[in-house]
Amino acid sequence: MFLSYLLVFILAAVPLFELVAVIPLAIIGGLSPIPTAILALLGNALTVVLLIVFVDKVKSWMGKRKQKRMREGTQDESIEANGEGMEESKKGKRAKMLFDKYGLPGLTLIGPFFVGSHISAFMGMSFGSNRRKVTSWMMISLVFWTAVMAVGTSYGVTFFMPDVEENGVLIRMFQN
């Protein structure tokens, strides 16, 4: 059981997996909603805060990586560079559109669902917002999405699959 919850924490911390995906999968897998929500929130918040704190180092690393690819001639023609020399992906363009339309609160509240929490935080910092505001808005957003996903999935699972607590896939996977 411990390994299942540890997996929730780790997956929520990984930028590829977001808490909006990890929480429903864990609850459907048979884990208890409250510990799942808390661990997913802590895992995601930890890496988002680290990203905000070290955003300058991340930008530098991305710039060096881009320069290396350009020197090697592996630059993808479909990727455009923005004004800061960083690659602008579809998610980056979507984040910029959210920021332009709704500002920092909109980017941080809507962004985790559409572009991911890590990209939302990174882009909020890239667009010139200060660290304290980005951190505050991101924490509000992560708590909001954690609550929405945990409550929604918990009620949905108990309604459609009432016996999931007894025979969840994650519980069976890590049982000895």
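The values are calculated or read from the model by the stated rules, or taken from the named source; none is laboratory data. Please read these numbers as outputs of a predicted model, since none were measured by experiment. Positions of Cβ are backbone-derived with ideal geometry, glycine not excepted, and every protein chain shown enters the neighbour counts.
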Practice problem: Collect the residues in region 108-138 that are buried (at least 24 other Cβ atoms within 10 Å of the Cβ) and among the polar types (S, T, N, Q), keeping them in residue-number order. | Solution: Thr108, Ser117, Ser120
Quiz item: Among (1) crowded, with 17+ Cβ neighbours inside 10 Å; (2) in contact with a strand residue (DSSP E or B) (Cβ under 8 Å, 6 or more places away or on another chain), which single condition is Met62 missing?
Solution: (1)
Quiz item: Considering only residues of region 139-161 that are within 15 Å of the chain's Cα centre (by Cα) and not aliphatic (A, V, I, L, M), which is surrounded by the fewest Cβ atoms within 10 Å (Cβ to Cβ)?
Solution: Phe144
Quiz item: When you look at Ala37, is it part of a helix (DSSP H, G or I) and buried (at least 21 other Cβ atoms within 10 Å of the Cβ), yes or no?
Solution: yes
Quiz item: How many residues are of a type in the set (S, T, N, Q) and within 16 Å of Lys133 (Cβ to Cβ) when one looks only at region 87-114?
Solution: 1
Self-check item: Selection count where residues are small (Gly, Ala, Ser) and farther than 20 Å from Leu42 by Cβ, scope region 105-142
Solution: 5
Practice problem: Just give me the residues in region 15-34 being among the hydrophobic types (A, V, I, L, M, F, W, C), buried (at least 19 other Cβ atoms within 10 Å of the Cβ) and either in contact with a Lys or Arg (Cβ under 8 Å, 6 or more places away or on another chain) or within 14 Å of Tyr155 (Cβ to Cβ) (or both), in sequence order. | Solution: Ile23, Ile27
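Per-residue answers, yes or no, for (1) modelled with pLDDT of 85 or more; (2) under 23 Å from Leu25 (Cα atoms):
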position: Glu77; (1), (2): no, no
position: Leu98; (1), (2): no, no
position: Gly106; (1), (2): yes, no
position: Pro112; (1), (2): yes, yes
position: Gly124; (1), (2): yes, no
position: Leu142; (1), (2): yes, yes
position: Pro162; (1), (2): no, yes
Quiz prompt | Sole residue being out of contact with any Pro (no Cβ under 9 Å at 6 or more places or on another chain), part of a helix (DSSP H, G or I) and without any contact (Cβ under 8 Å) to a residue 40 or more places away in the chain, chosen from Met139, Met125, Met97 | solution = Met97
Quiz item: Given (1) aliphatic (A, V, I, L, M); (2) in contact with a Lys or Arg (Cβ under 8 Å, 6 or more places away or on another chain); (3) farther than 19 Å from Arg131 by Cα, where does Ile52 come up short, assuming only one miss?
Solution: (3)
